[in-house]
Structures are given as structure tokens and as C-alpha cells.
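> Below: one structure in C-alpha cells.
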Amino acid sequence: MDQDSPTTQTGTTRTSPTARTAPGTSRGASFRRAGVVAVVACAVTGSALGLGAAGAFATDGAAPATSSAQVAADAAAAQAASTAGGEETPAPKITYSQADLAAFAASPYADDALNLAVVWGTPDVDTAKGKAGAAITAGTPLPFGPDDAPAASYTDDQRLVAFVLGRGSWEQALGLAVAWGEPSVYSVKSTIGAALLAHEEVPAAPATFTEDQQVAAFSASGYTEANATELAAIWQSGSVREAEARAGAALLAGDSLPVVP
């Protein structure tokens, strides 16, 4: 799975990553989405889950030097916060220049953007590219040496973040889960994230599935026998298993179900 290529626009602005989540519009699907967002939030904040600087790499060295314009912007934001009558002021956005991105692209770390994003806890890969480029230009050490990132040790939370930032898809993870006989899609997300961090190619999910695999996909997505019974009534299926297989096929195709898991 390819990582993001260096941006062609001027600067890169810190934004929240958009992760493809479990299909469905039900409250259960929202719960799954919340789980993924929570993982990314941990990466951004460097929380006690061990992400960011508190993860497998606990040495962020020194923060990359920013431009004088950025320093001035930060100072202005701090001044505004102190004179806002106690009102909360959003943290200033960190913007890296095209030169920072070019410095990263020309460096030995050009293939390590996802690894750096996970270690630093940046909200997206492009921000990690800019931060690394600024560090390289300033002569600030990065968390690991050239060619060391793929073999490094990462926490399970960091591997899940890599899945999200690397744009892994729910359908791919679910398809691989049933192909590999895994009982849950979440462990497969971690496996895919680990492969991305190791710079390995992630295998594609099968194009077709057996009925048993469709039933397994239904269960691996967090649905229960009670959900299957409910679906059988809604669809007027001949049996509960038939409903499970139909539902699993829909989930593997990225479709939603009319029940809450």
C-alpha cells in the first residue's frame, strides 16, 4: 500500500486523518469508528497508551527548528490566549514549507514517513514529512537512523495507528481476517499496520469468499446470533445461517446492515 507522496502545494497543514471505518450507519458501526478515532487521538496526544513519543521510540530528541515566521505566529497566539479573558484559544497550526518537504524527499528517510508519523504522533503522514525535513535542515537527529525504521519495535497501538494513517480499509482487513481464519478484524488491522511499518507489501484480500467465510465475516465484524435472527426476519431468509452469509457478503463488499451489533 503506497504511502502519501510529498505534497505539491505550498506547506503542509496539520489536519486530522480520515480513516475508512467499518461499514454501516448503525450505532454499532459508529462504535467501531469511535474505536479507530480513539487510537489516532492517542497517537496525536501521546497518551498513556504508549503512542507518539511515549511509544516504542521514547526519544524524540529535540523538536525540529521552525521558521522565524512560525515562531512569531506562535508568540502571537500565546499573547492572544493571555488576553482573551480566560477563553480557550485553539493551538496554532504548524506549517512546514515546501523546502522542508523537499529536504525530506531528498533524504535517506524518504521511505520512512509513516514510521515517523507513528513515532511522533503526528495527525497525518505529510506533517511527519515536513517535521522531518525541518529537522534534517536544522541538523536535528531523527528518532532512528537511516534504514533502521522497518526493523524497529512498535507497540500494538502504534501498529493500529499505522493501519489508519496508511489508509488501510475495513473491507481489506475483514477479507484478510476470514481468509486467515482470524476471529476478529481488529487483530488483522494490527498485522497490516505492522507490515506497513516494515515496508512490506500487504496482501490483497480474496476476490471471492465461501459461504463459511461470509458467515465468519459476519461474526468477525462484531455481530451476534441475535443480530442474525433479526436479519433473518427482516429479509425473510430461509434460515439464520442464510441471513448470516448474506450479511457477511454485504460487509465484505463494504455495505451496511439494517441492524445494530
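The values are calculated or read from the model by the stated rules, or taken from the named source; none is laboratory data. All figures in this text were calculated on a predicted structure; none of them were measured in a lab. Ideal geometry is used to build each Cβ from the backbone, glycine not excepted, and the neighbour counts take in all protein chains shown. To get the accessible areas, we keep the full protein, side chains included, count just its heavy atoms, and leave off ligands, DNA and RNA. Shrake-Rupley method; radii C 1.70, N 1.55, O 1.52, S 1.80 Å.
> Between ALA207 and ALA151, what is the FRET efficiency for a Förster distance of 30 Å, r being their Cβ-Cβ separation, to the nearest 0.05? Walk me through the numbers on the way to the answer.
Details: r = 33 Å, r/R0 = 1.08.
Once the sixth-power term is evaluated, E becomes 0.40.
> Of the accessible area of region 141-222, with the probe set at 1.4 angstrom, what percent is carbon plus sulfur? Can you show the working numbers first?
On the way: 1760 of 3480 Å².
Within region 141-222, the accessible surface is 50 percent carbon and sulfur.
> Oh, and also: Between SER187 and ALA99, what's the calculated FRET efficiency when r is the beta-carbon distance and R0 is 45 Å? Round to 0.05. Before the final figure, lay out each step's value.
Numbers: r = 41 Å, r/R0 = 0.92.
That pair, SER187 with ALA99, gives E of 0.60.
> So, one more: Between the alpha-carbon centers of region 214-239 and region 102-136, tell me the distance in whole angstrom.
Using only Cα atoms to place each centre, the spacing works out to 44 Å.
> Under the rule of at least 5 residues apart or a separate chain, name every residue whose amide H is placed under 5 Å from the amide H of GLY121.
GLY52
> What is the sum of charges around ALA245, taking Lys and Arg as +1, Asp and Glu as -1, for the other residues whose C-beta is under 13 Å from the C-beta of ALA245? Don't skip to the end; give the middle numbers.
Numbers: positive: ARG241, ARG246; negative: GLU211, ASP212, GLU242, GLU244.
Residues near ALA245 contribute -2 overall.
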